[in-house]
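For reference, the structure discussed in these notes is given below.
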Amino acid sequence: LTNLSVLKRQEAGISHVSEDRLKYGTAPKLSLEDNMISKVYYTKRLKTGGLIDSKKVTAFTKGILDEFLVKYDNTKQSVSELSGGNVQKLVVGREYDYDPELLIMNQPTRGIDVGAIEFIRKRIVEMRQKQKAILLVSADLSEVLSLSDTILVMHEGRIVGYIEDVKNTSENELGLYMLGVKEDARERIEGAYCE
């Protein structure tokens, strides 16, 4: 994956929600429309006669923004005019709309309001129910426990724990792995890679 371009990763069914939504998830000075079509502008979906159709772009953008409850004035406004929670819902909506097989989400609810957090968590559960793979990276232990089927825990850049029984795992137990106090056998951890 490391050597693949963003387009090749996208064609392979991989989407990403960055930890830094303004630096890596959007182009803040550009319009909502420009940001929403960044993954699909080259497809036939938004074109008429080989050219990008502005009416299709506006309808496409409004459709996702409305579905993801983004509060906005118009689709021509810049992303920088939105609140942090609305920017995050825009990014999640864009990635979700692409219908990836693997969605990598890095700190998807950090620094946003409670309403946006709950909305995004519900969408993560929906994707999971569609049998999509989600790689959730989060420092919020309650979020990890409530949204995960299995958990790999890292300490100092190494995987030290593999948790299959998430429902019966506490935040304290996760904390022991994260602090390096507890570590699973290498064979158990390596078994997680092969499943």
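With a simple spin-label model that places each label point 7 Å from the Cα along the Cα-to-Cβ direction, the separation between VAL40 and GLU183 comes to 4.7 nm.
Classify the stretch 150-195 as rounded, prolate or oblate from the Cα gyration tensor: take a ≥ b ≥ c as the square roots of its eigenvalues, call it rounded if a/c is under 1.5, otherwise prolate when a/b beats b/c and oblate if not. Since a/c reaches 1.5 but b/c is at least a/b, the shape of the stretch 150-195 is classed as oblate.
Given the alternatives (i) 136; (ii) 172; (iii) 201, volume of the Cα convex hull per residue in Å³ as computed for this entry is given by (i).
Quick test of the membrane-span-like rule: which DSSP H helices of the chain reach at least 20 Å along their long axis (C-alpha atoms) with mean Kyte hydropathy at least -0.5? Helix filter hits for the chain: 114-129.
Straight Cα distances below 18 angstrom link LYS23 to the aspartates and glutamates GLU33, ASP34, GLU81, GLU95, with same-chain residues fewer than 8 positions distant left out.
Judged by the mean number of other Cβ atoms found within 10 Å, the most tightly packed of the peptides 105-115, 146-156 leads the ranking 105-115, 146-156. Per-residue packing, averaged as other Cβ atoms within 10 Å, sorts the ranges 76-86, 49-59 into the order 76-86, 49-59, beginning with the highest. In loop segments of the stretch 69-138 as defined by DSSP, the chymotrypsin sites (Phe, Trp or Tyr not before Pro) with at most 15 further C-beta atoms inside 10 Å of their C-beta are TYR98. Exceedance of the 20 Å cut-off in Cα-Cα distance is limited, within the set LYS44/LYS76; LYS47/LYS76; LYS39/LYS62; LYS71/LYS122, to LYS44/LYS76.
How high is the relative contact order of the chain, in percent, with contacts defined as C-alpha pairs under 8 Å that are six or more residues apart?
Values: 238 pairs, mean separation 34.5, N = 195.
Once divided by the residue count of the chain, the mean separation gives 18 percent.
On full extension of the chain, what length is gained from GLU164 through ARG121, given 0.36 nm per residue of separation minus the C-alpha to C-alpha distance?
Values: separation 43, 0.36 × 43 = 15.48 nm, distance 2.03 nm.
Using 0.36 nm per residue and subtracting the Cα-Cα distance, I get 13.5 nm.
Looking at the stretch 1-33, which trypsin sites (Lys or Arg not before Pro) are DSSP coil and have at most 10 other C-beta atoms within 10 Å of their C-beta?
LYS29
Here each label is just a point 7 Å from Cα along the line to Cβ, and for LEU7 and ASP99 those points are 2.2 nm apart.
Computed from the coordinates by the stated procedures, all read-outs in this text should not be read as laboratory data. These numbers were taken from a predicted model, which means no experiment stands behind them. Methodologically, a virtual Cβ is constructed for each residue, glycine included, from the backbone with ideal geometry; neighbour enumeration extends over all protein chains shown.
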